[in-house]
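Quick notes on the structure that follows.
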Amino acid sequence: MSNFASRFFLAIVLACLCMQPARAATPAVNATATTALLHPISIIKRYDLDFGYIAAGATAGTVVIDPNTDTASATGGAILIGGDPHAAAFIGAAGSSNVVNIKVPRQPVTLTRSGGTETMTATKFTVEGLDKRNVARLVAFEFRVGATLNVGANQPEGIYVGTFDVTVQYP
């Protein structure tokens, strides 16, 4: 073997020894950073009240969101068929150690079908735990609010939307 051929062969052997197996690229993973910024004597909404997906039967029915268990149940002609039903959630903070009063609607709240005039009502709003609470100074507190949705017999399909007020009194 010529001197050139032996050097060429040696160069190929060294190149092969230096090669490392290809590595799979590590996939990038995204994460979300969140926080709730509160000023003393304030309240912010964390989640909306969601009754989920409902099928309306030939008879009237109800869907109840229990804020203590954050679950939904249906009665009568209302049938739960999916979605993510859950209570509304709120966060508050007091400026000093105090008792706070959480106020939810006592009157029915109307939900209107988007693009239409058909309505349903939400009634019997309830607060998770006590509506009058002792809170510590500058410590956030959370609570959920549930309600009963009154679904009419053969209620027309669509997306129904309504708003309601939640008030926290810091005496």
| query | To the nearest 0.05, what FRET efficiency results for residue 53 and residue 114 with a Förster distance of 22 Å applied to their C-beta separation? | reply | 0.90
| note | Of the stretch 107-122, those with amide N under 15 Å from the point 7 Å along the Cα→Cβ vector of residue 81 are none
| field | Listed residues 64, 99, 29, most fluctuating in the chain (Gaussian network, C-alpha, under 10 Å) | value | 29
| query | With the contact rule set at Cα under 8 Å and sequence spacing of 6 or more, what percent relative contact order holds for the chain? | reply | 26 percent
| message | If I compute solvent accessible area with a 1.4 Å probe over the protein chains, what percent of it on the chain is carbon and sulfur? | response | 57 percent
| said: In Å², and per residue, what accessible area does the stretch 38-171 have when probed at 1.4 Å with the other protein chains present? | reply: 56 Å²
| task | Count the net charge of all other residues whose Cβ sits under 13 Å from the Cβ of residue 170, scoring Lys and Arg as +1 and Asp and Glu as -1. | result | +4
| query | Could you give the alpha-carbon Rg of the chain over 2.2 N^0.38 Å, rounded to two decimals? | reply | 1.91
| field | Sites matching GluC sites (Glu not before Pro) across the stretch 108-148 that sit in DSSP coil, with at most 16 neighbouring C-beta atoms within 10 Å | value | 118
| said: If the only charges are +1 at each Lys and Arg Cβ and -1 at each Asp and Glu Cβ, what is the size of the charge dipole of the chain around the Cα centre, to the nearest 20 debye? | reply: 580 debye
| message | Positive end of the dipole of the chain, charges at C-beta (+1 Lys, Arg; -1 Asp, Glu), about the Cα centre: which of 171, 105, 117 has its Cα farthest in that direction? | response | 171
| task | Would you kindly find the accessible area of residue 104, with a 1.4 Å probe and non-protein molecules such as ligands, DNA and RNA excluded, rounding to the nearest 10 Å²? | result | 30 Å²
| Neighbour net charge for residue 126 - beta-carbon separation under 13 angstrom, K R +1, D E -1 | 0
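The values are calculated or read from the model by the stated rules, or taken from the named source; none is laboratory data. Values in this document were obtained by computation on a predicted structure and should not be read as measured data. Note: ideal-geometry Cβ built from the backbone for every residue, glycine included; neighbour counts use all protein chains shown. Surface accessibility is based on the protein's heavy atoms, side chains included, excluding ligands, DNA and RNA. Shrake-Rupley method; radii C 1.70, N 1.55, O 1.52, S 1.80 Å.
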